[in-house]
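A short write-up of the structure that comes next.
The values are calculated or read from the model by the stated rules, or taken from the named source; none is laboratory data. Here the structure is a predicted model, which means the values were calculated and not measured. Don't worry about glycine lacking a Cβ; one is built from the backbone with ideal geometry, like all the others, and counts go over all protein chains shown. Each accessible area value is taken on the protein alone, full model and side chains, heavy atoms only, with ligands, DNA and RNA left out. Shrake-Rupley method; radii C 1.70, N 1.55, O 1.52, S 1.80 Å.
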Amino acid sequence: MITMTGKLMSRGQRLGCVLALSVLALFLRGVPWARALDNGLAMTPTMGWLHWERFMCNIDCKEEPDSCVSEQLFMQMADLMVSDGWKDAGYQYICIDDCWMASTRDSNGNLQADPMRFPGGIRRLANYVHSKGLKLGIYADVGNKTCAGYPGSFGYYDIDAKTFADWGVDLLKFDGCYCDSLEHLADGYKQMSLALNRTSRSIVYSCEWPLYMWPFRKPNYTEIRQYCNHWRNFGDIFDSWQSVKSILDWSSSNQDTIVDVAGPGGWNDPDMLVIGNYGLSWDQQVTQMALWAIMAAPLLMSNDLRHISPQAKVLLQNKYVIAINQDPLGKQGYRLRKEDNFEVWERPLSSLAWAVAIRNLLEIGGPRSHTISVVFLGRSVACNPACLITQLLPVKKELGLFEWTSTLKTRINPTGTVLLQIKKPS
Ligand SMILES: *[C@@H]1O[C@H](CO)[C@@H](O)[C@H](O)[C@H]1NC(C)=O
Ligand SMILES: *[C@@H]1O[C@H](CO)[C@@H](O)[C@H](O)[C@H]1NC(C)=O
Ligand SMILES: *[C@@H]1O[C@H](CO)[C@@H](O)[C@H](O)[C@H]1NC(C)=O
């Protein structure tokens, strides 16, 4: 995350023939030109739960025992992940963000959890989470302090990697606050990656390296992919439509840079799912779910699984949408076109299938109709000579067989999205 005090930049201190050609282009694009971090993890985008957006740095367990960052919170979420179908839907990682630590290292220089809020320590919490068949994620920072001011890992990369491995941690979110130079930033992210590897434990490595580089120079994604399993590019998500929109705008504006670098083992991370909280309307929640699937984004929910509407739960557990997100081909989708306040996004899937999302960008009026010739979809091959189209969101509906000369008409609510799956007729 970024805080005002933690930001690298702040206070100057831190910083046919045509068809054949398009098929060819598709396969050329498909050449994996960037090697992924070789730890065998994140072959599909990580799925789980992360505390930050919903619970932030609430450390007041006296006043708010049920929503402070404590072992009880993570144990309750782990229980619910299993009992309420989240685990079966594919959500696996229970992730701790900032504010779990004691304010200082122990006398041996090791990180330690806050003893009041985590009386059993992280190792016992990891055991508990593992006993449920889930995995545990933790948080640290490449610089001298975490964003919230807890001990940073600068100078301690090997020690901290070993601590996390000893505790049985399965994922590390590594933030970039309080880092005084781009050299320290790049060097730190690489060193922690190598340190995690030396522990011999399988630990998913979630970076914020490009996010902290962008203000200074364009990140080298080839390099980032060699060291990280996913990486944040853009600021923290908030529980608002404004925030979700800004992430989608950033992702489409920079798609020529970020889309091709994603693939099995390494993903662009547009940050947490905020579905099931306070800030998004139903249509906007549908938009987030649909577009995070198109973008091959890690699906890390930040919500309160103890208090979540049945509607949000059904959306987050939608197996068809999750299958798109987790498609084994692992190619990220992109915005195909934007006109008349509609956006069309598409994503190539395995078995020559495609996912298509059509957004109504207007925030006024009622549902609007959008018509597109299916020949424009899926690089002109998806519906050639014909295709079967299923609407997945907002509700599942078979739309039938489309010849390549036909048009597809959808009706979309303001700020909403229609998510479609296009398949070859068998
Ligand atoms: C460490 O890196 C090597 C070489 O890239 C790889 O074969 C091995 O699986 C990695 N180990 C872990 C635990 O990530
Ligand atoms: C951490 O602080 C020390 C001492 O002020 C400084 O030399 C070092 O460059 C800092 N490291 C980072 C990554 O900011
Ligand atoms: C990016 O990093 C890769 C791998 O380290 C390197 O081969 C390449 O030259 C770098 N690209 C640029 C533009 O610096």
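Just to be sure, is residue 98 in a loop (DSSP other than H, G, I, E, B), more than 22 Å from residue 161 (Cα to Cα) and more than 16 Å from ligand 1 (Cβ to nearest atom)?
The answer is no for residue 98.
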Apart from one, (1) within 27 Å of the chain's Cα centre (by Cα); (2) over 30 Å from residue 92 (Cβ atoms) all hold for residue 357; the odd one out is (2)
Yes/no for residue 197 being within 15 Å of ligand 1 (Cβ to nearest atom), out of contact with any helix residue (DSSP H, G or I) (no Cβ under 9 Å at 6 or more places or on another chain) and closer than 20 Å to residue 265 by Cβ: no
In this structure, does residue 400 turn out to be surrounded by fewer than 17 Cβ atoms within 10 Å (Cβ to Cβ), part of a strand (DSSP E or B) and on the phi > 0 side of the Ramachandran plot? yes
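Any idea which of 229, 197 is farther than 30 Å from residue 281 by Cβ, more than 16 Å from ligand 3 (Cβ to nearest atom) and touching a strand residue (DSSP E or B) at 6+ places or on another chain (Cβ under 6 Å)? First the steps, then the outcome.
Values: 197 fails: touching a strand residue (DSSP E or B) at 6+ places or on another chain (Cβ under 6 Å).
The conditions single out 229.
Could you please let me know if residue 155 is modelled with pLDDT of 95 or more, closer than 25 Å to residue 37 by Cβ and more than 25 Å from the chain's Cα centre (by Cα)? Show your work before the answer.
Details: modelled with pLDDT of 95 or more: yes; closer than 25 Å to residue 37 by Cβ: yes; more than 25 Å from the chain's Cα centre (by Cα): yes.
For residue 155, the condition - modelled with pLDDT of 95 or more, closer than 25 Å to residue 37 by Cβ and more than 25 Å from the chain's Cα centre (by Cα) - is met.
Restricting to region 160-177, give me the number of residues that are basic (Lys, Arg) and surrounded by fewer than 23 Cβ atoms within 10 Å (Cβ to Cβ). Break it down stepwise before answering.
Taking region 160-177 and keeping what is basic (Lys, Arg), we get 162, 173.
Keeping just the survivors that are surrounded by fewer than 23 Cβ atoms within 10 Å (Cβ to Cβ) gives 162.
So the answer is 1.
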Report yes if some residue within region 303-315 is open to solvent by less than 40 Å² (accessible area, probe 1.4 Å) and in contact with a strand residue (DSSP E or B) (Cβ under 6 Å, 6 or more places away or on another chain); otherwise report no. no
Among the numbered conditions (1) more than 24 Å from the chain's Cα centre (by Cα); (2) within 16 Å of ligand 2 (Cβ to nearest atom); (3) closer than 22 Å to residue 78 by Cα, tell me where residue 112 comes up short. (2)
Can you tell me which residue within region 47-95, out of those that are part of a loop (DSSP other than H, G, I, E, B) and of a type in the set (Val, Ile, Thr), is surrounded by the most Cβ atoms within 10 Å (Cβ to Cβ)? 69
Against the definition (more than 30 Å from residue 380 (Cα to Cα), modelled with pLDDT of 95 or more, part of a loop (DSSP other than H, G, I, E, B) and within 16 Å of ligand 3 (Cβ to nearest atom)), how does residue 37 come out, yes or no? yes
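Give me the helices (runs of 4 or more DSSP H) completely within region 178-246, filtered to those with at least 2 residues that are within 16 Å of ligand 2 (Cβ to nearest atom) and open to solvent by 50 Å² or more (accessible area, probe 1.4 Å), ordered by residue number.
Of the helices (runs of 4 or more DSSP H) lying wholly inside region 178-246, those with at least 2 residues that are within 16 Å of ligand 2 (Cβ to nearest atom) and open to solvent by 50 Å² or more (accessible area, probe 1.4 Å) span 182-198.
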Condition (residue is aromatic (Phe, Trp, Tyr) and either out of contact with any helix residue (DSSP H, G or I) (no Cβ under 9 Å at 6 or more places or on another chain) or in a loop (DSSP other than H, G, I, E, B) (or both)) applied to region 137-145: is it met by at least one residue? no
